[in-house]
Amino acid sequence: MSAIKIENLHKTYASGVHALKGLSFEIKKGEFFALLGPNGSGKTTMINILAGPTIKTSGTVKIGGTDIEKDREKTKMILGVVPQEISFDSFFSVNEVLILQSGYYGIKNNQKYIDEILEKLNLQDKKHANTRALSGGMKRRLLVAKALVHKPKVLVLDEPTAGVDVELRHNLWHYMRKLNKEGLTILLTTHYLEEAESLCTRTAIIDKGELVALQKTKDLIQSMGNAKKLTLTFGKKVSKIPEALLPFDPKKQNDHEIILHFETQDINKILKALESIKYPIVDLDLQGKKLEDVFIELTYNRNGKL
Ligand SMILES: Nc1ncnc2c1ncn2[C@@H]1O[C@H](COP(=O)(O)OP(=O)(O)OP(=O)(O)O)[C@@H](O)[C@H]1O
Ligand SMILES: [Mg+2]
């Protein structure tokens, strides 16, 4: 059974903005799914339709097999949502926020579970701090804790790591991976593409309210071919690109750097060419295609923005 099933979803805001234009996709139970898209492509609109605050214009949305229009209460219980916007009632402490949130779902006496989540999210020291006294990254982690108090089956995260520092971001990844392994279905939106690349088995890319890609993350990256980019740094000024490098689409970056492009199967040709040139090479940097390249190709380049 699917965890989330969206069919031909449209949203037109009162302002006339057509934010979602017939979006359809399905997230299977247990998946770790990435939803990517540039600013304004409709990610938050879609998530807010799942979560409740935004009403769809047309189409159907099912959560755990139940239509959101048929049984809102049931679908709300299945879902835990980490919203993009941070807002807390600033009168409460971290612990109180989580107790109140539990009460909202009719859950009592779950302090032990709350403590467990606080520890996993490195917030245990802030348990009694007022939410006003939290840093941006701490607030974001508190949003994650809030989304988990009722033990949802599907967790939807709208940019959960925005503003979270590197170490804590890695902690959060580790925690999300663990939750997913334990059976939680996760839908993640992020602008950190390496995050989607390392966590999510499938990736959807939307642009201007339309689906432009949906594949296994690995396949999506491979769909760009096996092209590689090699940056050569020379120990002295390169006045003219050496002839041996010409077959590899060379681009002069500056006086000391040349970027080459080639397919993986041509690796021996490029090694031979490098041997034959006279300039001293002092450094090389080899890069394969990344999810980021696919993303740029399918969104900005498609629109002629770059
Ligand atoms: N409440 C609203 N009223 C009117 N228009 C809105 C509203 N919320 C969003 N929009 C518009 O809908 C479009 C999609 O916005 P949305 O917030 O869903 O994008 P997003 O993909 O989440 O972007 P970001 O990456 O910046 O968070 C944008 O054109 C936005 O201006
Ligand atoms: Mg958004």
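Brief remarks follow.
- Of the strands (runs of 3 or more DSSP E) contained entirely in segment 169-247, those carrying at least 2 residues that are open to solvent by less than 70 Å² (accessible area, probe 1.4 Å) and under 30 Å from K11 (Cα atoms) fall at 185-189, 202-207, 210-216.
- You will find that of G22, G59, G30, the residue that is at positive phi and part of a loop (DSSP other than H, G, I, E, B) is G30 and no other.
Per-residue answers, yes or no, for (1) part of a loop (DSSP other than H, G, I, E, B); (2) touching a helix residue (DSSP H, G or I) at 6+ places or on another chain (Cβ under 6 Å); (3) over 30 Å from G40 (Cβ atoms):
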{"residue": "S87", "(1), (2), (3)": "yes, no, no"}
{"residue": "S90", "(1), (2), (3)": "yes, yes, no"}
{"residue": "N95", "(1), (2), (3)": "no, no, yes"}
{"residue": "L98", "(1), (2), (3)": "no, yes, yes"}
{"residue": "S102", "(1), (2), (3)": "no, no, yes"}
{"residue": "K108", "(1), (2), (3)": "yes, no, yes"}
{"residue": "I114", "(1), (2), (3)": "no, yes, yes"}
{"residue": "I117", "(1), (2), (3)": "no, yes, yes"}
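- Residues that are within 19 Å of the chain's Cα centre (by Cα), more than 25 Å from Y105 (Cα to Cα) and without any contact (Cβ under 8 Å) to a residue 40 or more places away in the chain, drawn from segment 132-161: G137, T161
- Test: residue in segment 210-224 that is under 20 Å from L271 (Cα atoms) and touching a residue at least 12 places away in the same chain (Cβ under 8 Å): no
- Search result, residues across segment 177-210 that are out of contact with any strand residue (DSSP E or B) (no Cβ under 6 Å at 6 or more places or on another chain) and within 16 Å of ligand 1 (Cβ to nearest atom): T190, H191, Y192, L193, E195, I206, D207, K208
- Test: I47 is open to solvent by 10 Å² or more (accessible area, probe 1.4 Å), at pLDDT 95 or above, hydrophobic (A, V, I, L, M, F, W, C) and in a helix (DSSP H, G or I): no
- Looking across segment 50-86, just one residue is under 21 Å from the mean Cα position of the chain (by Cα) and exposed (fewer than 13 other Cβ atoms within 10 Å of the Cβ), and that is E85.
The values are calculated or read from the model by the stated rules, or taken from the named source; none is laboratory data. In this text, all values refer to a predicted model and were calculated from it rather than measured experimentally. All Cβ positions, glycine included, derive from the backbone under ideal geometry; neighbour counts span all protein chains shown. Accessible surface is based on the protein model in full, side chains and every heavy atom, while ligands, DNA and RNA are left aside. Shrake-Rupley method; radii C 1.70, N 1.55, O 1.52, S 1.80 Å.
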